[in-house]
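Engineer: Handing you a structure now.
The values are calculated or read from the model by the stated rules, or taken from the named source; none is laboratory data. Computed from a prediction, not measured in an experiment: that's the story for all the values here. So basically every Cβ, Gly included, is an ideal-geometry build from the backbone, and we count neighbours across all protein chains shown.
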Amino acid sequence: MAKEVIGANAIFSGPQKGLTIIGDHCYAYSGLKTANDTEATLLEFDTGSRILLIDARFTYGSANSDDVAYRIYMNDQIAIQDISGGTTQAHWFPQYKIIIPPFTKVKFTAQNVSDASNIYQGAVISGKVYE
């Protein structure tokens with residue numbers, strides 16, 4: 001079996017909004033972004049001609065009791081929305097397993113729906129790529 005050559009894009013260079021593809025795997029780490037009463041974009045990318053099967057999670061990176069709306073858009077339409085309340089400590093929210101079709105624009109967002117205060121939010125995905 002031939003050994004797959006991994007290119008320079010395999011190096012983790014820090015959180016970003018885009019999707020990284022290595023062979024038939026993909027990932028994205030938003031890092032912590034400030035969200036307030038205006039929707040904050042955590043991740044944003046296009047699938048191109050690929051189909052993605054991903055596991056996605058949002059993280060509430062602040063100790064704050066505000067409610068947050070998490071949204072996953074596909075081609076500018078809300079495909080998934082979840083509203084979660086904060087706690088006195090940072091935490092992860094349930095994992096979503098999602099199939100994303102080819103030629104789809106994907107966007108993950110967070111919005112403080114309690115008030116205008118700034119709170120840290122993030123998103124992480126990992127998955128498999130099908131050409």
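Engineer: Quick check: is even one residue across region 56-79 under 18 Å from residue 127 (Cα atoms) and touching a helix residue (DSSP H, G or I) at 6+ places or on another chain (Cβ under 8 Å)?
Structural biologist: No, region 56-79 has no match at all.
Engineer: Among the residues of region 44-65, write down those that are surrounded by 17 or more Cβ atoms within 10 Å (Cβ to Cβ) and either small (Gly, Ala, Ser) or modelled with pLDDT under 85 (or both).
Structural biologist: 56, 60, 61, 62, 64 - these are the residues of region 44-65 that are surrounded by 17 or more Cβ atoms within 10 Å (Cβ to Cβ) and either small (Gly, Ala, Ser) or modelled with pLDDT under 85 (or both).
Engineer: In addition: For region 118-129, name all the residues that are within 14 Å of residue 60 (Cα to Cα) and surrounded by fewer than 22 Cβ atoms within 10 Å (Cβ to Cβ).
Structural biologist: 118, 120, 124, listed by residue number.
Engineer: Considering only residues that are of a type outside the set (Asp, Glu) and in a loop (DSSP other than H, G, I, E, B), which ones fall in region 19-49?
Structural biologist: Hits for region 19-49 are 19, 23, 30, 31, 32, 36, 38, 47, 48, 49.
Engineer: A follow-up question, please. Can you tell me which residue is surrounded by the fewest Cβ atoms within 10 Å (Cβ to Cβ) among those in region 74-109 that are under 19 Å from residue 36 (Cβ atoms) and at pLDDT 95 or above?
Structural biologist: Ranking the candidates gives 107 first.
Engineer: Pull out all pairs, ordered by first then second residue, where Cβ-Cβ is under 6 Å, the residues are six or more apart or on different chains, the first lies in region 55-82 and is free of Cβ contacts under 8 Å to residues at least 40 places away in the same chain and over 14 Å from residue 42 (Cβ atoms), and the second is of a type in the set (Lys, Arg) and surrounded by fewer than 17 Cβ atoms within 10 Å (Cβ to Cβ).
Structural biologist: Note: pairs meeting the criteria are 75/105.
Engineer: Then there's this: Would you check if there is a residue in region 8-25 being modelled with pLDDT of 95 or more, closer than 16 Å to residue 100 by Cα and of a type in the set (A, V, I, L, M)?
Structural biologist: no
Engineer: Restricting attention to region 8-65, which residues are hydroxyl-bearing (Ser, Thr, Tyr) and within 16 Å of residue 110 (Cα to Cα)?
Structural biologist: Of everything in region 8-65, those that are hydroxyl-bearing (Ser, Thr, Tyr) and within 16 Å of residue 110 (Cα to Cα) turn out to be 29, 30, 34, 38, 41, 59, 60, 62, 65.
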